Every structure is written in structure tokens, then in C-alpha cells.
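Heads up: the structure comes next, in C-alpha cells.
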Amino acid sequence: MLKVKFVGASEGITGSCSWLWHTETNTQFLVDCGMHQGTHEEEWKNYQPFEFDPKQIQYVLLTHAHIDHCGLLPKLIKGGFKGWVYCTQATKEIAELMLMDAAKIGDLFQETDVRLIKWHVIDAGDFSWNKTLRLADGLSTTFKRSSHVLGACGISVTWSVNEDSKELKSIYFSGDIGCQLDDNAYLPLMKSDHQPYPKTNYIVMESTYGAVERDPGFKDANNRIDVLGKIICEAAYQKGGTVLIPAFSFHRTQEIIMDLLCWQWSRWPKSEYAGLMGGDKLKEDGTESYEKPLRILCDSPLGHRINEVYASQISKRLSNGKYQYLNKELAGRLSCSEGESSKLFSELVNTGCIYRKGHLIRCLTPENRKKTRYPESNSKYSVIIASSGMCDNGPVVEYIKKMRRDPKNTIVLTGYQSSGSLGRQLLEQSELEGVGSKQAQVINMSGYYSGHADQAKLLDYVFSLGSYSQESKPAHIFINHGIDDTKNALKLAIQERSGQKLHGDREVKSVEIAKKEWFDLNAGAYIDSQNEHSDQLMGRLASIEDKLSRLTDEISGLKLARY
Ligand SMILES: [Zn+2]
């Protein structure tokens, strides 16, 4: 039997962790082992013992490197976990950086615990997405691409229903589902997601934005780049101020860099603001440069390290020659070749900057940063991207101190701001003060950049199989990773769509909100905890009886020897 218990992210959107147990081979494993984040009450859960014994866990199958999915791996190590963590190369490298960073600022674990994690990279060498990896006899796993962030995957687990029959069943864990669409990969970097297998029996899906539809304007890449470009031109060129963009070090910083390149190279020259960069001059060395090019600084120590991973991974190709992750629409937006778009992070990492016709994006390395007096010495830049995304830590704190009291400046928020964060305070204060404020203007662009699928995408993710619907099996859906309202809204929406029985749709047998109880995936039913407890007691009794009988035999043997 394979059974599952949703021990994390069943009561919120953080702390993702599903516990699986293959009883025939006594293989226990997890899908994700994430940290609880947000309120103090949520964070307190990180200090509680795991529900399982870490020593008994043989594998962790990791969907991606966000801390709410991988953040408790070092705690698992501290608890005695000696097994392997399966994930992509990109996820391994980024998770290591994120966990080392978390070890420095938290007290849950140390850097030494992070170094002890044993990684099994699933996409080393000649790799294609349908590669099956054996976990135990009759138990295997397959990873499929997600567009959520670099390295992200959905994970399928397949098992034999019993030893004699050839019948296989499978359960698919979505991880975080990206928002890229097959015909409109509107965020900068990632290809669209793979969908769960048509033949899967179960789908476990996230529901972060299960209740909302994304604004159509947010799904338009050129619109997003133009909105950002307009903010920059008005703040930096017309008002003479600086634009500060607080950004998460992982993925958001890299997306913002690509959007700014698209603005510099492609959108700006065609926009109403084209005149602001002046004429195109021939320099003495024979190169061309605009009179007033846009100079951008990226000040994010962790972001710089993560850029190094993007440099090697975004250009990676599969065994069939296709890019593993790179969004082919990016090249068109940059007006360059796909090959050039795949090498931009390498250029940034190797030379410290990307320079074209006077336009510059420079990234401070941690070493450079120590030598530079900031932010004073960075006044020659019109745009500064700085970590952290919620403005509570990192270089952005100093920039905000210096910049927020000058109404010429603009702060552009690009990610979710949790309650109590400085970013949320800035947003609320600017809403209160409104137009005419004597502070820097605060603009919220987070809706454009969210990496989670909205309700329409989530429904298509489950249902739209096209020609594969012929071979599909009716699926049982578990919804997790959402607040109660979004989970319920998504459940209703799935039931409605299921009732429509559209041509090409997957048949959904049932849909429910994931619970923290053992579910028997062979039988398709929750395991009665009373029965399970009495089974465990009977098992322990049998083992005690067994030991007693062996002891009795031993004592009899001793007595015989004595007489
Ligand atoms: Zn995520």
C-alpha cells in the first residue's frame, strides 16, 4: 500500500510537506520539507517536532528552492535524516544558497547542517523530462517542469498496486504551479508548465490564487515592460529622481533584470519617451552610444550568487536539443537571438555588467560591495534593484532610509508584502498620503510578477488534456497550499468545470481539501485512525510475544545446559 498524509501547507500557504509511506518495502519519504513563514504563530510551528521520525525518512523529493518548500531540510538533517534529496541541479544550487542565507539570519539550524544534505540531481548529463527514477521495488518517481521559478517541478510517484499484478497507480504533486501559458509565456524567463499525466489517479494541487483571475493587463508582457519603463522615465528623466526596486533575490531579481533589458533595448526606442535618451552618438572607439542612456545597479549579494546559477542553468539543453527552461518568447522581446538571450546571465556574471549602446546594468559582487560606500557612491544610477523584496533586510534598508523622504524618488514594489513588513508599511503609508505626498512615491507592481497560477490557469492545468483525454483515467484531486477561502473557491470551480464535461477535459472523480490524516492511495479512502491505532498495538503485542517466546526458549536451553 502507498499512503499519504498532508502534514504541511494543509492549513495555509507555507510549510509544504507531504509524508508518504510505501508499506510493502517500508519506504517512507517526503515531497518537500518547507518552512512555515508569516505570522509568529506560523513560525512557531518550525520549532515543533516533526510528525514523523526523520531517521525513518529515506528520500525527500523536492519541487523547488523556495524556503517554504525546502527550508526545514537542515532541521531534518539535525533530526537524523540520512537519506537523499532528489531535485533538479538548479533547485539544488539555489536551495543551498537560500538555506545558507537562512542559517545566517535564523536559529533553527546552522550552516554545517546545510552542508550535510545529500543531493541527488535528477537532470545531470543526458536528460529528458520523462526519466523514471527507482525509489524501491515497485515504487518510482518522475519529475515534470513547472514555470513557477528556475528549477521548479511537479513530481509524480508511481507504485505497483500489489506484488502479483502489473497494475500501477500514480499520484502527482503539483508543487507551486507557474502562471505561464502555452500560447502566452508572459513572464520573462520560464517555459510553460507540464501538466499532470493523463493517467494519474491522484493530483495534489496548490491553490494560492485559487479564488482570483489575473487582470488581463498583467498577462501582457509588453504592457508590463512599458508600465515599468514609463515609471522609470517619469521618475528618473522628468523628475530627476531615482527608482528603487526592492526585489526577492531568487527569480524576481532575474525577471526584473530581463524586463529592464527589454525596455532599454527594444521598447524604449519605440516609445513616446524615446527622445529622453538623446541622440545616438558614435564614440571615439567606434561604438555607438545614446547621449543619456539608462544606468541600472543591482545590489543584492544573494541575488548575485543566484545569477551565477541562472548563468549555467538557463542555457541548459535537454537531450533533444531544446532548452530545458528558457522561455523562447524572451528573445523576441529583447530583439535578439535565442542564443544571445540564453547567455545574458553569463555575461552579467563574467563581466559584472551588461552594456549596450551606453545602456548599462551592473551587478555588485559581494566583494565589490565591501569596497564601495553605498548608497552615496551609487547616485550615478537611475535605477537600483536591491534585496530584500519585503524591505526588512539587506541593502534595500539603507537605500530606503536615504531615498524615501525625497518626492522625486519612486519605490516600485514587485512582490508580496507580508503584514508587518517595511514594504507593507510603505504601501499603506503612501495610500494614506495620496497625491502630493512629500515622500517618495510608492508603486505596487507585484500583480504583474506573481509566479503563481490564477484560477483559470489552475483549472486548465487539471482539465485540459486535448487529444490525451482519450487515455486519461478519472482523477481524485486534493487541494492544499491555500487559505480556506481560496481552497473552497477552487474546489467549487473544479466541481463546476467537471460538471460541464467539456471535450478534451480530464474526468475528475472527486475533489477535496487535503487533510492531515493518513489516506490509503490503494483503496482511495482515509485510514480509520482507531483501526490503525489498534493495528499498531496488535503489531507491538505480536512482537512482544515473539520476543517472550524466544526468551523462554533461551531460558529453557540454559536450564537444560545446567542440569
Ligand atoms: Zn514557490
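Here are the numbers for the structure shown:
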read-out: Rough spin-label spacing in nm, given labels placed 7 Å along Cα→Cβ, for residue 45 and residue 531; value: 2.8 nm
read-out: The stretch 432-563, relative contact order in percent, only Cα pairs under 8 angstrom and at least six apart counted; value: 22 percent
read-out: Heavy atoms of residue 120 accessible to a 1.4 Å probe, total area in Å² rounded to 10; value: 60 Å²
read-out: Average accessible surface area per residue within the chain, 1.4 Å rolling probe, Å²; value: 45 Å²
read-out: Separation between Cα centres of the stretch 175-227 and the stretch 1-76, rounded to whole Å; value: 25 Å
read-out: Relative contact order [Cα under 8 Å, 6+ residues apart], the stretch 216-449, whole percent; value: 28 percent
read-out: At least 18 Å along the helix axis (C-alpha) and Kyte average at least -0.5, DSSP helices within the chain; value: 89-105
read-out: Dipole magnitude of the stretch 166-276 about its Cα centre (Cβ charges: Lys, Arg +1; Asp, Glu -1), debye to nearest 20; value: 180 debye
read-out: Eligible lysines near residue 547 by straight Cα distance, threshold 25 Å, same-chain separation 8 or greater; value: 55, 559
read-out: Label point distance in nm, residue 280-residue 164, each placed 7 Å from Cα along Cα→Cβ; value: 7.7 nm
read-out: Under 15 Å from the Cα of residue 199 - aspartates and glutamates, other chains or at least 8 residues apart; value: 167, 471, 505, 507
read-out: Residue 115 - accessible surface, heavy atoms, 1.4 Å probe, Å² rounded to 10; value: 150 Å²
read-out: List 234, 206, 471, ordered by accessible area with a 1.4 Å probe, largest first; value: 471, 234, 206
read-out: Lys, Arg +1 and Asp, Glu -1 on Cβ, resulting dipole of the chain about Cα centre, debye, nearest 20; value: 1400 debye
read-out: Packing-based order for 297-307, 316-326, 410-420, using average beta carbon neighbours within 10 Å, highest first; value: 297-307, 410-420, 316-326
read-out: Percent RCO, i.e. relative contact order, over the chain, from Cα pairs under 8 Å lying at least 6 residues apart; value: 16 percent
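The values are calculated or read from the model by the stated rules, or taken from the named source; none is laboratory data. Here the structure is a predicted model, which is why all the values come from computation and not from measurement. Cβ: placed from backbone, ideal geometry, glycine included. Neighbour counts: every protein chain shown. Side chains are part of the model used for accessible areas, which takes the heavy atoms of the whole protein and leaves out ligands, DNA and RNA. Shrake-Rupley method; radii C 1.70, N 1.55, O 1.52, S 1.80 Å.
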